[in-house]
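Written out below as structure tokens is the structure these notes cover.
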Amino acid sequence: MKTPAVSNARDPLAAIRTRTPARIFTGRSGSAYRTRTQLSLRSDHAAARDAVQTDIDWAGDLGPDFLRAWDMFAVSSQAQSKAEYLMRPDLGRRLNARARAEIASRCPVGADLQIVIGDGLSVAAVIRQAPQLLPLLHAGAEKRGWRFGRPFAVRYCRVGVLNDIGEALAPTVLVLLIGERPGLLTAESLSAYMAYRPHSGHTDAERNLISNIHAHGVDIEEAADRILCLAELMRRAQLSGVAVKEEGGRLTQNAQPLLSDE
Amino acid sequence: MSYSITVRSERFSFADLREVFAKANEDKSGDRLAGIAAGSEQERVAAKLVLADIPLADIVANPLIDPTQDEVSRLILATHDQAAFRPLAHLTVGELREYVLDEGQDSARLGALHWAIIPEVAAAVTKLMSNKDLVMAASKIRNITRCRNTMGQPGVLGIRVQPNHPADDLGGILLSAVDGLLFGCGDAVIGVNPATESVETVSRILHGLQRLIAAYDIPTQSCCLAHISTQLDSLERGAPVDLLFQSLAGTEAANASFGINLDMLGEGRERVLEHHRNREVAWVGDAVMYFETGQGSALSANAHHDVDQLTLEARTYGVARAFAPFLVNTVVGFIGPEYLYDERQIVRAGLEDHFMGKLLGLPMGCDVCYTNHAQADQNSADNLLLLLTAAGCNYFMGVPCADDVMLSYQSTSFHDALSARQLFGLRPAPEFLAWLEQMDIVRNGELMAADSPARQRLEGAVKRIA
């Protein structure tokens, strides 16, 4: 990872652990975890469970300045509560009637790049990552001379909502920035789901995904670059999904020392 | 054909086989979501009673999904061994349950049934079995497979090391893998889910894993669990592919949502077999495919044809077995509470999937897992892990402290593997165990403490990387 190794005389493996956020070399008590490991897992699970249940307050969480700067507004899927959202993926994939009318009246049709923010399963991810990502995507679109759609937010949002938005606004490339299911490591992980001219009937096979946008994973600048590059690839290929593959990809450091041991 | 029955003076009717199948299931949130679940416990039992009396021949003769509209249905019919089925055809589903559980039916005799039983029949009998039935029946069936080592023999419990990293950092991936090796894990496969689906990333992960295996001469397989087309593109550009991975579902439309079809699987398998022939590796067998599955995926893609998720999972195994896989595992708690609501449903589904897979001839493993929006916790995973070990599950996942830092869910850990092996007196795959002993990671069947020279050499290598 990027943080420099900190030496710790009492724990000679401390430096190694900085290479990955995984819980490696934690020792054992018989075949079981050390007590400290056991309780830290419980603690992180409790935090993740709470994060799932949090409801988003767009103005309060993202701040009025951000909403004003981007002229943002929020609509809802057909789910009416967090509990219903969790159990009814079919409702989370559809915009409600008011949302359809609102985006049709407030957003331009046929944008080259349309960004939508969805709460998904983590409000914390949206709050942390989306306000940093949006300006970079906007700047990248301007640089390329793309018409940038007016961004908006969707509450109780599932990935399949791409199709409804595609039908209503007919963007060339649609990007949904959506909070990922919180894990034990972080509740701040964001995904970008992308589709070329999405419409009713599109499945995951016609979508591309950049996941793990958070401090331990893909950083904001890289995420923005990859989203814009994928958008270019989609425009060139005039399609999205499994037939469109990202080029490059960062593997931060090689592992030569480990492998040259013997 | 419609069915009806009177239970305690109440009349229950079912329009067709598909409705009987769906309503005979144990309670699952996914069947409710699909609108096909039993409306009451009484109706559920009525469906089970009806199902118990249906002859297997009727199920074979009445496909739940029309073969003219679905290539999975056509595959199931084409691969059915009708000669082997003939002696069973007159049995009812209830009689098949007793037949499978009978002490006289050992591994060899049940093994002879694999291709006589179609997935829908396996699903039907599963609906009549208790959790303990599923453990007992599955424990009698050993399905053995070979690639770079041998999995599935009696007394063997394998573990996939799953060293995922949220930024695909190869050093981080290999560190997690070494942690697993030092716990005696990794015989099933060292298998990485990439965070980025690009040929470059997948190639570098495959090369990195292969260098680790070559450096220490480890008798195991590597795999990068990207889309099949990305792995094959990587292979074309020179990356070593031991196992070709793909997620599968039980209908043509659901597989299409994964971007695959049966021809792609067959062509990919042929390509990897040819690639194996051209590599200087001491292969012990030619099983080259690795599949993951899970109840609910077809409904999630709106491709379920109003068939219940248990039956669709069985059909997925009908796809898997046509390609002679080395590994197959259900990822049983990954899909979320919309399909498997809580621990009770996840445990049930895990036992169902494992039994059905074994009955259909698959080398069945299980990713015992849960997400943080399901009503489950690590105690739930402990419970299912122990039940499936008793059931003779081929392998589990080994994730550092069960916390997958890339996929953001909890599975089972290297520690869990050690516990399950100790508790049930099980060993790693034989070739892998010999390597562990040669490295002095295991001595006299015991995992060594940190003072063995070979262990310190591995850890020393790990320290230099950081």
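Since every read-out is calculated from the coordinates, none of them should be taken as a lab result. Nothing here was measured: the structure is a model prediction, and the numbers come from that model. Every residue, glycine among them, receives a Cβ derived from its backbone with ideal geometry; neighbour counts consider all protein chains shown.
Assorted remarks:
- Other protein chain Cβ atoms within 10 Å, averaged over every residue that makes up B:407-417: 5
- Spin-label model, A:L67 to B:N444: label points 7 Å out along the Cα-to-beta-carbon direction sit 7.0 nm apart.
- Within a Gaussian network of chain A (alpha carbon springs, distance under 10 Å), most fluctuating of A:L39, A:L62, A:L174: A:L39
- Residues whose amide H lies under 5 Å from that of B:S247, counting only those 5 or more places away or on a different chain, are B:E292; hydrogens are built 1.01 Å from N in the peptide plane.
- For A:R94, distant residues with modelled amide H under 5 Å away: A:Q78
- Gained length - B:D53 relative to B:N302, 0.36 nm times residue gap less alpha-carbon distance: 86.5 nm
- The length gained by stretching the chain between B:D106 and B:A89 to full extension, at 0.36 nm per residue less their Cα-Cα distance, is 4.1 nm.
- Peptide B:32-40 has a mean shielding of 1, counted as Cβ atoms of other protein chains within 10 Å of each residue's Cβ.
- If the convex hull is drawn through the Cα atoms of the protein assembly as shown, its volume per residue in Å³: 157
- Here A:R34 and B:D217 are evaluated by their C-beta separation; at R0 = 30 Å the FRET efficiency comes out at 0.40.
- Inter-chain Cβ neighbour count for B:335-346, averaged per residue, equals 2 (cutoff 10 Å, partner chain atoms only).
- Where both bridge residues fall in region A:53-237, DSSP classifies roughly 50% of the beta bridges as antiparallel.
- Rh by Kirkwood over Cα pairs, then Stokes-Einstein D for region B:121-162 at 0.890 mPa s and 25 °C, µm²/s: 197
- Between the C-alpha center of region A:91-114 and that of region B:231-303 there is a gap of 38 Å.
- The 3J(HN,Hα) values that the Karplus relation (6.51, -1.76, 1.60; θ = phi - 60°) gives for region B:183-199 are, in residue order, 9, x, 9, x, 6, 5, 4, 9, x, 9, 8, x, 6, 10, 8, 10, 4 Hz. Gly and Pro appear as x.
- Taking only alpha carbon atoms, region B:288-361 gives an Rg to Rh ratio of 0.95, where Rh is the Kirkwood radius.
- Between the helical axis of B:378-390 and the longest alpha-carbon principal axis of chain B there is an angle of about 80 degrees.
- Between B:E236 and B:T6, the C-beta separation translates, for a Förster distance of 45 Å, into a calculated FRET efficiency of about 0.10.
- Listed peptides B:324-337, B:38-51 appear in the order B:324-337, B:38-51 once ranked by packing, highest mean of other Cβ atoms within 10 Å at the front.
- The modelled label-to-label distance for the pair A:S81/B:S130, using points 7 Å beyond Cα in the direction of Cβ, is 3.7 nm.
- Along its three principal directions, the equivalent ellipsoid of region B:17-92 from the Cα gyration tensor extends over semi-axes of 26, 17, 8 Å, largest first.
- For region A:202-210, 3J(HN,Hα) computed residue by residue from phi via the Karplus equation (6.51, -1.76, 1.60; θ = phi - 60°) reads 4, 10, 4, 5, 9, 10, 10, 9, 10 Hz, glycine and proline entered as x.
- Our estimate of slack between A:R98 and A:A237, defined as 0.36 nm per intervening residue step minus the Cα-Cα distance, is 46.6 nm.
- Three-way shape call for chain B based on the alpha-carbon gyration tensor, with the a/c threshold at 1.5: prolate
- Flagged links, alpha-carbon separation over 18 Å, of B:K48/B:K358; B:K23/B:K132; B:K28/B:K127; B:K127/B:K358; B:K28/B:K140: B:K48/B:K358; B:K23/B:K132; B:K28/B:K140
- Positive minus negative residues near B:F355 (Lys, Arg vs Asp, Glu; Cβ under 12 Å): +2
- Highest mobility in the GNM of chain A, judged by mean-square fluctuation with C-alpha springs under 10 Å and restricted to A:Q80, A:Q114, A:Q129, is found for A:Q80.
- Kirkwood Rh, Cα atoms: Rg over Rh of region A:53-237: 0.92
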